[in-house]
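Each value in this text was obtained by applying a stated rule to the coordinates, not by laboratory testing. Quick caveat: nothing in here was measured; it's all calculated off a predicted structure. No Cβ is skipped: glycine too gets one built from the backbone with ideal geometry, and neighbour counts run over all protein chains shown.
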Amino acid sequence: MVAWNQVPRSTLINDPSSASSFAAAAYTAAVILWVMAAQAALAIGERKPIWDALSEGQRKLLGMGPLVLLLMMATFFLMRRRHKYNEQIYLPIWRDMSTTDESAIAEVISYIPSLWEMDWRMHIKEYQKDPCKKMLQRLDVERSAEFLASLTNWRLSSQPLLSVEDFIPHDIFSYFLVQKNQKLLKIAIEPLVGYFRHPYAISQCTPQGQNTVHVLDLSYLVFRGMSLDAFNALYPGRKYLIDLGINGPNRSLLWFQERYNKMGIEFDEVWGWEKRELDPQSFWRYVPSSIYSKLHFMNVAVDLNFDERHPLEVIRNLYKDGDYVALKLDIDSPGFEEIIADRILDDPEILKILGDFYYEMHFGAPYFPYHNIPSNDSIYNMENVMAFFVQLRDKGLRAHYWV
């Protein structure tokens, strides 16, 4: 279980450059005070008011004393805040796992959106009017290319067990900060930008010289945003895949199994729900051997009763501390999906249990007819999708936009 914690969690670190800056400010102030003291002593010796003994320049300098002191205090405060931030984000984190206690509870400290994501967050109301216009601006084109190249380099690396953070710049990719055994771990995740999918999935958004990919291309997802070593330390227990809306034995079930295996993760149990009636013999004949003995298949619709047979309750009953649970929600019934997703958002226990959540939230947007929703819809729009996924991530859940 990964607990959610928002308490302060860092102390000031030693930084020679900052220390020297503060020392320089302190030295300057000391010189000013020494000059003032010397002039005061001279005035006392001449038996006249101290102020009359000062030159015009010295009077101005003395008048600036309180301002200098205030600036020094502000500088020290800002340096302290900056160092706390730097310690959490930019220092190498969780490289040695040898002393990690597997029984300890991990705490999600915070979600850190990238600069790219923050840009889209702050201006989503404007950008959703024409997302491709924004995606084709120079900075977004550069960020898209760098994001995809970094993901490719990570997946093709000769060291695939490293964390994606070793390959992706912090202004592009977002991540979670997690603490366990007084060690900090950064868990990378794709940023919430554009149409919340591959940057080149929409032809009108694809830069000149690049190829448009299929709208269902999932190569933008970060499945294991940490090193395998860190993943196993964070989740030493059993691994579960819960797929709501499998649509057949060779679809998302197999896809998840293969992608996670490439990342060094093997599921112990796979649970699937599908409302469309499937022929049992045909279904099991085509179930891949890699998941045949692990699969629990429910050929029934996911309802809204939320009783002990509901997938969320199955997850709750299966889970033990240290387990990893990946949940995909795509049952092609937007109204039902939203109710289930809202239930997850409002259930602190489920939020802590889930490791990763894959969810396709339907919306309308220009150049995007796939959800059959008008591009100017006031409810099912990109702004509300952004707001919902931000809520999930801010509550500590690694929520991915599914397609």
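Miscellaneous remarks
- Most to least packed among 222-229, 203-210, 184-191, 311-318 [average Cβ atoms within 10 Å]: 184-191, 222-229, 311-318, 203-210
- Taking the average, over residues, of other Cβ atoms within 10 Å as the packing measure, peptides 291-297, 114-120 rank 114-120, 291-297 from highest down.
- Ranked packing of 136-145, 388-397, most packed first, by mean Cβ within 10 Å: 388-397, 136-145
- Backbone geometry of segment 131-146 corresponds, through the Karplus equation with coefficients 6.51, -1.76 and 1.60 at θ = phi - 60°, to 3J(HN,Hα) couplings of x, 5, 4, 6, 5, 8, 6, 3, 5, 5, 4, 5, 5, 4, 5, 5 Hz, x marking Gly and Pro.
- The distance between label points at Glu126 and Ala145 comes to 2.5 nm (points 7 Å beyond Cα on the Cα→Cβ vector).
- Bridgeable aspartates and glutamates around Lys180 (alpha carbons under 13 Å apart, same-chain partners fewer than 8 residues away excluded): Asp96, Asp101, Glu102, Glu107.
- The overall shape of segment 204-354 is rounded: from the C-alpha gyration tensor, with semi-axes ordered a ≥ b ≥ c, the ratio a/c is less than 1.5.
- Put in line by how crowded their Cβ is, counting other Cβ atoms within 10 Å and starting with the fewest, Glu360, Glu56 read Glu56, Glu360.
- Seen from Lys133, the other residues with C-beta closer than 13 Å to its C-beta sum to a net charge of 0, counting Lys and Arg as +1 and Asp and Glu as -1.
- The convex hull built on the alpha-carbon positions of segment 349-403 has an orientation-averaged projected area of 3.9 nm².
- In sequence order, calculated HN-Hα J values of segment 273-285 (Karplus, 6.51, -1.76, 1.60; Hz; x Gly/Pro): 10, 8, 7, 5, 5, 10, 5, x, 5, 5, 4, 6, 5
- Counting only aspartates and glutamates at least 8 places from Lys294 when in the same chain, those with an alpha carbon closer than 12 Å to its own are Glu266, Asp268, Glu269.
- The phi torsions of segment 325-342, fed into the Karplus equation with coefficients 6.51, -1.76 and 1.60 and a -60° offset, translate into couplings of 10, 10, 10, 10, 10, 7, 9, 6, 9, x, x, 5, 4, 5, 5, 5, 5, 5 Hz, rounded to whole numbers, with Gly and Pro shown as x.
- Nonlocal amide H pairs with Val325, under 5 Å, H built at 1.01 Å: Tyr240, Gly355, Asp356
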